Every structure is written in C-alpha cells, then in structure tokens.
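Participant: Below: one structure in structure tokens.
The values are calculated or read from the model by the stated rules, or taken from the named source; none is laboratory data. Note that this is a predicted model, so its numbers are computed, not measured. Positions of Cβ are generated from backbone atoms using ideal geometry, with glycine treated the same way; all protein chains shown enter the neighbour counts.
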C-alpha cells in the first residue's frame, strides 16, 4: 500500500459530492487553509454559475487565471474557451487556432462528441497542475478542482480513462494518459468527497467512493462531513428519547419533549451516518461544524478554513 501523503503535498484534488452538501464552501475554505500554510493554490471552477468569488469576497471569476487573494488564484473554466486554448498550444498559432475553433461547424462537431467538453474542463485544470514558470518550478503548488456533483463528477472522471482506452495514439491520448497517470497516483492526486451527516448523502457518498476506487481505481484523499452539530445528549438519553413516546395533546410539556425527541433522532442519524462512512470508505474522515451564522459569507469561510487547517492539515502524517 502506498504511503499516505499529506493533503498539502498533493498537486491535484478533485472535489465532488452530492449536490447541496457544500463542496464549493469546502473548496473555498480549503484554499484559504492551504494558502495560510504558504501554498500557491489555484481554484478551478467548472460550474457555469460560480460561487467561489462570493465566498471569498472577491470579484466574479472569468476565463483567465487571476490572483484573487495572496497565494490564491482562481479561474472559471469555459469548455469552448478551454478547447480554443488547447488548440493554440497544439497548433502553436493563435491565428490558426482561432480559424479552426472559431468555425461554427467545428464547434458543432466538438459539441456533439460525448465527453469532449468535460475533458476540456478537466484537462485544463490538470494542465495548470503541471504548469511551470521560467527558471523551473511549478506555477501552483496545488490545484483544487471544484468539480460537478456526484453523477456528473463521475462522468467527468471517466472521460480521460475512456480516451486512454479507446482513442488511437496522438496528442489527445498523450495528454489524457499523462493526466490519468497523475489522477491514479495517491502521492500527487486524490478525490475529496464532501457530504453531510445524514442518511441519503451518506449512502450516496458510499456509492461514489465505491465507483471511484472500484470502477476507476482512483485514490480518495479525504471524506469531509460538513455541517456536523455538537452532541448535547448522552447515549442513554438519546436511546430513551428515540423510543416511541405517548404525548398527551395539550400538555404544556409536549413541545419541549417533542423538541428533545427531534434532537435525539437527529443526533442518532448523524452518529449512524458518520459511522457508516467511516467504516465503509477507506479514507480519512474529517468533520466540519454547522455554523450558526450564514455559511456563505467570507467571514464564515475564514472560520471553516481555521477548522480545516487544524483538523485536516495539522493532523496529516
């Protein structure tokens, strides 16, 4: 078994999870946590409507890589623009690339090829993890790819494998092979699964982890369980309150007892779902607290970054 590599030493992290679990929130907080340790971080966004800029409190992102906060760079990847940029690197001529990729028939052809736009986005994010500066050395220490949610994220990860398996030798296959080699290397890359301490997200995370490690053979770097609440009840109290209770309508104590029952059931579901993922996914599991304030503010992201820096980065071997 390969030695576990600290998260801040990996070059590429593919961040995904069930929609609504807070993967973009975790991406923003992780970027701040890594930057606080002196890492040059690139956040690559694949969704058309990006939220990273709002969470970091910076200007909206565009197709160009820009430094938004000291040590944090960001880019919103547009598949058409990424294809044109890739063509320019291959053809070594912006004029020729514009002539080819600006042709509406060529664009229509590319749009009709299954997975090509997905590879354009994933490939661009991967390329930045290999990009070097004059004089040597990588431009970025780590690339955080804020990937699509579970189903679409898996489809995107399948594309380079399909290219490697079926596409004849050439430039497209060459780059897909290089990317796929990195994605499979737990020393350099990893999938980071973001989830919630609830039954449905936990089950979906187990299925996602099974597909990532089983079907694709890729390493899972971490599981991050978002919005975990502090446990207020003891085991005995939780067990007693979880049993069916006969509440008398109109009793002044009904509301308080009902609230306690709801709390007990919620805590029990949280404990069960976290345990299920810890036992079912062979990767370190880290929890993030549910914040009392709005979690979509830059202030909240900074608070979560401190938690991640302490619980995730400082505890890595």
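Participant: Evaluate segment 102-119: report whether one residue or more is at pLDDT 55 or above and in contact with a strand residue (DSSP E or B) (Cβ under 7 Å, 6 or more places away or on another chain).
Facilitator: Looking for residues that are at pLDDT 55 or above and in contact with a strand residue (DSSP E or B) (Cβ under 7 Å, 6 or more places away or on another chain), one finds none in segment 102-119, hence no.
Participant: Ok, one more. Restrict the check to segment 232-241 and report whether at least one residue is surrounded by fewer than 18 Cβ atoms within 10 Å (Cβ to Cβ), in a helix (DSSP H, G or I), at pLDDT 90 or above and touching a helix residue (DSSP H, G or I) at 6+ places or on another chain (Cβ under 8 Å).
Facilitator: No, that holds for no residue.
Participant: Among the listed residues 182, 156, which satisfies the condition of being assigned to a helix (DSSP H, G or I), in contact with a strand residue (DSSP E or B) (Cβ under 9 Å, 6 or more places away or on another chain) and modelled with pLDDT under 95?
Facilitator: The conditions single out 156.
Participant: Filter segment 185-213 down to the residues that are outside any helix (DSSP H, G or I) and in contact with a helix residue (DSSP H, G or I) (Cβ under 7 Å, 6 or more places away or on another chain) and list them by number.
Facilitator: 188, 189, 191, 193, 194, 195, 197, 198
Participant: On to the next question. Give me a count of the residues in segment 1-17 that are part of a loop (DSSP other than H, G, I, E, B) and either surrounded by 24 or more Cβ atoms within 10 Å (Cβ to Cβ) or out of contact with any helix residue (DSSP H, G or I) (no Cβ under 6 Å at 6 or more places or on another chain) (or both).
Facilitator: 7
Participant: Of (1) loosely packed, with under 14 Cβ neighbours inside 10 Å; (2) modelled with pLDDT under 95, residue 87 satisfies all except one. Which?
Facilitator: Tallying (1) loosely packed, with under 14 Cβ neighbours inside 10 Å; (2) modelled with pLDDT under 95, residue 87 fails exactly one: (1).
Participant: Only one residue in 169, 197 is at negative phi and free of Cβ contacts under 8 Å to residues at least 40 places away in the same chain, so which one is that?
Facilitator: One residue alone meets the criteria, 169.
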